[in-house]
Amino acid sequence: MNRTGSLYVTGSSLFHRLDGAVKLVLFMAWTVMTYMFLDLRVFVPMLAVGIVLLITAGIPFKRMAFLFWLMIIFTVLNAIFILLITPTFGTRLTGTDTPVIPVGYNTINAETLFYVLTLSAKYLTLLPISILCIFTTQPSAFASSLNRIGIPYKIAYAVSIALRYIPDLTEEFRSTLNSMQARGMGISKEDGSIKQRLRNLAAVVVPVLQSALHRIDSVTNAMELRGFGTQKKRSWYSGKDMEPMDWTFAVLALVLLGVGIWLKVAMLKGFWYPFS
Amino acid sequence: MQPIISFQQYGFKYKNQSEPTLKDITLDIYPGEKIWIAGPSGSGKSTLAHCMNGLIPFTYGGEATGSLRIGGQNPAERSIFELSRVVGTILQDQDAQFVGLNVAEDVAFVLENKAMDRPQMKQEVETALNLVGMLDYIEHSPYELSGGQKQHVSLAGVLSTDAEVLLFDEPLANLDPASGRKAMQLIDDIHRKSGKTVIMIEHRAEDVLQQAVDRIVLMNEGRIVSVGTPDEILSSGILRSYGLRPPLYVDALELAGVPIAELKGLSSPRKLDMPGLKDKLDAWSEQAGMKEETAISPALLEVRDMTFGYDPLHPVIDRVSLQVGSGEIVALLGNNGAGKSTLSQLITGILKPQSGGLFYEGQDMGSWSIRRRGEAIGYVMQNPNRMITQHMIAEEVGLGLKVRGLSAAVIKEKVEAALRICGLYPFRNWPVSALSYGQKKRLTIASILVLEPKIIILDEPTAGQDYEHYKEFMDFIASLSRRGMGFLLITHDMYLALEYAPRAVVLSGGRVMAEDSVTAVLGSPDITEAAHLKETSLSLFAKANGLASPEKFVQAFINEEKKGKGHE
């Protein structure tokens, strides 16, 4: 997280220039596509396109490393658990059973292995597009484009204002924790059992929450005194007007979604298993 | 001329309170005036400000009596937005006021709410930023700005609305002395250039009066007790009777026995026209201005050659050494970013130094854990609300002992002893919420005292408190130091240092740039400039009146203050 509180990384790639609301539409179309199918033939091209887009955006890997590994670890754990808990789940989808790896109480079969592969590809398809949307969108520009597609500006602005004050709150939390630590009520190993440390952590929440409420009060006053929420409409300093490119991508997203639905209905109905 | 703001026998009672907060207020403020509304905490001055900017009645409801006209109209019949076009408010909390993700967005906030077109908005933002000299920072995020700079941005945001009245709610809170001086200067410039009406709510006379004001409105217990020019108010000597502190040189004149009622031109530290004044003050400085011999106490805490920083070429803390002895109060002065808080984190063990040593009674603390250090060196945060986690007073104080596994009887005994020292014993069975801000502050000290440290680090101990509470708290700290407790005061309040700390360490850019008596430090222009401090009005006054030894004059003032003469 950078000092402005958002994860935004400045740049000028295609995705950076794309309007925030269009990105949201694209992201939603992408997500719907992903959830509709259980077919590797759909996921592999989507994953490839996603990775190309991600690479061209030029986001330093260090910045997205946390989110990246988090999602990878989640996917891997998910795969392992499915294999261990339901080693023959694939049979239910294909009707065949090809035993491969014995695990004592049961045998993992090829169908389940392929199912897990497909499922992991499904989750990973979402990875590049989510990272792209999060790291290339300036929060206030995003708020402004949300407002344009019909979201009330008070709700759209909430995104921006939350990002503005999250770093303040984390800083407050950290300094309170430090002062508690000096009184022997920290959350490090020397401060006692896990239970005691959790209790200490919970105690810190009280003053931080109180100060957050106080902060909300003064920020609300500050905003009201400057006329927020009194008019029906509001304009935005950050953000820009829709350009032909934005329209193109919005239409593209919808077309993609249409094609997807047609594919789903007409051709790729269920789980694709090439070896049966 | 029509007044722009007019209160007539105005009173206000908040919805859930039984007593009115404002009583019988009659006040006319005329266009182009510069007004200072003064008063101790709880005097009703913030409520008065809320009435002017529309937070009352639109956010805080209640019953009003009498009449109030703003720009000739009754505010209750308008909206808070319409009012904001007449009265622009700059809040005390610079972070709460700064709602944009960068400078430009923040200045544009009002314009956005007016639904102004983007091209016109960009132009207006630049014009407003130019007025306050912040155009170079247009892309900066609030985290890259100092408190003073954030305030400049807020001012630009209000200027872009063309409001006729600028209302400043405690503009000096949270600013270091140099930034405070700049803020007052900027306000004065804008006032002069634009002819706008300026209203300031403050309790620090010394700092507000750095630039001329037209009238002072003095409030106490919800009423206006006096209105007059600064000269009139200062000569009448009534500030102190309402818990406010006059500028230090006026204090000094009183201590020296000069009859201030007969003096004219007290509002700034200039040459006064009074026969024999110089001789009288010189004699007083000579007689009272002896430097106290301070017995050198053995060092309890010693920081030796400490260096910290991830970039070896620009360390955050660069070979810093300092000592705090038993019973000693040492002030750690310096501007924001000089490394004061980093140093305190190094001492408490939250950060680990790259090199250098830390000694407690001669023992090397380098390998001590944070917890063990906490038993030797207590750390008290600026805002007590950030430290208090328990509901009941006795529990809060005993918390640190409980986690150490002491028996209930021992805890009770120690807690009661600490509460007695802090004057909170009668409240031991009360909930924390029943305490005032100052009492909470003492409660945090009590919860540190039970751990029996020999040194306490106080971070900005007096921020946001008016003079009466400030003095009460610091006298309490001084009494603890007489019991042998050592204190390191981290502060940018020079008056605090001047009066309570015999010795000061000045940090600038991570280095110790001076370690000397506070009088000497504040008397040196090089040091004060580098550390964002400023010359005190005492020495300015002494120089303006051609006194023989300004330093002795300052020392005489400190000595007499310490004796507690005159004002009690």
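Figures for the structure shown
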| item | result |
| --- | --- |
| Residues of the range B:103-115 classified as at the interface with chain A (Cβ under 7 Å from one of its Cβ atoms) and in contact with a helix residue (DSSP H, G or I) (Cβ under 9 Å, 6 or more places away or on another chain), total | 8 |
| Of all residues in the range A:171-211 being facing another protein chain (nearest Cβ under 9 Å) and either among the aromatic types (Phe, Trp, Tyr) or on the phi > 0 side of the Ramachandran plot (or both), the one that is surrounded by the most Cβ atoms within 10 Å (Cβ to Cβ) | A:GLY184 |
| Members of the range B:84-98 found to be surrounded by fewer than 22 Cβ atoms within 10 Å (Cβ to Cβ) and either part of a loop (DSSP other than H, G, I, E, B) or polar (S, T, N, Q) (or both), listed by number | B:ARG85, B:GLN92, B:ASP93 |
| In the range B:525-555, the residues that are touching an Asp or Glu at 6+ places or on another chain (Cβ under 8 Å) and closer than 19 Å to B:LEU496 by Cβ | B:THR528, B:HIS532, B:LEU533, B:SER537, B:SER539 |
| Pair list, Cβ < 8 Å and 6+ apart or interchain, from the range B:206-217 residues that are closer than 13 Å to B:LEU172 by Cβ to residues that are polar (S, T, N, Q) and buried (at least 21 other Cβ atoms within 10 Å of the Cβ) | B:GLU206/B:SER537 |
| Members of the range B:372-423 that are outside any helix (DSSP H, G or I), more than 14 Å from every other protein chain (Cβ to nearest Cβ) and either closer than 30 Å to B:PHE359 by Cβ or touching a Phe, Trp or Tyr at 6+ places or on another chain (Cβ under 9 Å) (or both) | B:CYS422, B:GLY423 |
| First in the range B:524-538 and within 16 Å of B:GLU206 (Cβ to Cβ), second anywhere and assigned to a loop (DSSP other than H, G, I, E, B), Cβ under 7 Å, 6 or more apart | B:THR528/B:LYS534; B:THR528/B:GLU535; B:SER537/B:PRO247; B:SER537/B:PRO269 |
| A:THR96 in contact with a Phe, Trp or Tyr (Cβ under 9 Å, 6 or more places away or on another chain) and away from every other protein chain (no Cβ under 11 Å) | yes |
| Output for the range B:116-141, where each listed residue is within 12 Å of another protein chain (Cβ to nearest Cβ) and over 20 Å from A:GLY227 (Cβ atoms) | B:PRO119, B:GLU126, B:ILE138, B:GLU139, B:HIS140, B:SER141 |
| Subset tally (residues that are polar (S, T, N, Q) and within 25 Å of A:LEU38 (Cα to Cα)) for the range A:223-276 | 1 |
| Qualifying residues in the range B:293-336 (those that are under 14 Å from B:PHE487 (Cβ atoms) and in a loop (DSSP other than H, G, I, E, B)) - the one farthest from the chain's Cα centre (by Cα) | B:SER297 |
| Identity of the residue in the range B:132-153, modelled with pLDDT of 90 or more and part of a helix (DSSP H, G or I), that ends up surrounded by the fewest Cβ atoms within 10 Å (Cβ to Cβ) | B:ASP136 |
| Considering residues of the range B:199-218 that are under 24 Å from B:ALA463 (Cβ atoms) and assigned to a strand (DSSP E or B) only, the residue modelled with the lowest pLDDT | B:ARG204 |
| Subset of the range B:355-408 (residues that are closer than 28 Å to B:PRO312 by Cβ, surrounded by 14 or more Cβ atoms within 10 Å (Cβ to Cβ), without any contact (Cβ under 8 Å) to a residue 60 or more places away in the chain and not β-branched (Val, Ile, Thr)) | B:GLY356, B:GLY357, B:LEU358, B:MET365, B:TRP368, B:SER369, B:ARG373 |
| Test set (1) outside any helix (DSSP H, G or I); (2) at the interface with chain B (Cβ under 7 Å from one of its Cβ atoms); (3) touching a residue at least 60 places away in the same chain (Cβ under 8 Å) - A:GLY227 fails condition number | (3) |
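The values are calculated or read from the model by the stated rules, or taken from the named source; none is laboratory data. What you see is a predicted model, and the numbers here were worked out from it, not measured in a lab. Virtual Cβ from ideal backbone geometry, glycine too; neighbours counted across all protein chains shown.
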